[in-house]
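To start, the structure under review is shown below, and the notes come after it.
Please treat every number below as a calculation from the coordinates, not as lab data. These numbers were taken from a predicted model, which means no experiment stands behind them. Neighbour counts are summed over all protein chains in view; Cβ atoms, including those assigned to glycine, are modelled from backbone coordinates with ideal geometry.
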Amino acid sequence: MSEIDLHIHTCYSADGEFKPADIIKLASKKQLEAVAITDHDTVDGLEEAIKTGREYNIEVVPGIEFDTEYQE
């Protein structure tokens, strides 16, 4: 059975703590096969995460959580 985490925030989100590369390294230690980086309103951490994911053989699914406003 594959282990994955499809909702991770990096330091590029206000509620994230770790750099994208550090998240991938931790995912590798936890033997995850795939992670989704889903920062708030930014994709700034994706390039680093994808690059590091290739090095650690972890699939990185690009994502984003974005704020919206409807009728104020």
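Descriptive notes on the structure:
- The residues in region 1-10 that are touching an Asp or Glu at 6+ places or on another chain (Cβ under 8 Å) and either among the basic types (Lys, Arg) or surrounded by 16 or more Cβ atoms within 10 Å (Cβ to Cβ) (or both) can be counted, and the count is 2.
- Search result, residues across region 1-46 that are free of Cβ contacts under 8 Å to residues at least 24 places away in the same chain and not in a loop (DSSP other than H, G, I, E, B): ASP22, LEU26, LYS29
- Screening region 14-72 for residues that are surrounded by fewer than 13 Cβ atoms within 10 Å (Cβ to Cβ) and among the hydroxyl-bearing types (Ser, Thr, Tyr) and picking the one that is farthest from ILE4 (Cα to Cα) gives TYR70.
- Looking only at region 54-72, and only at residues there that are within 15 Å of ASP39 (Cβ to Cβ) and not in a loop (DSSP other than H, G, I, E, B), the one that is farthest from the chain's Cα centre (by Cα): GLU65
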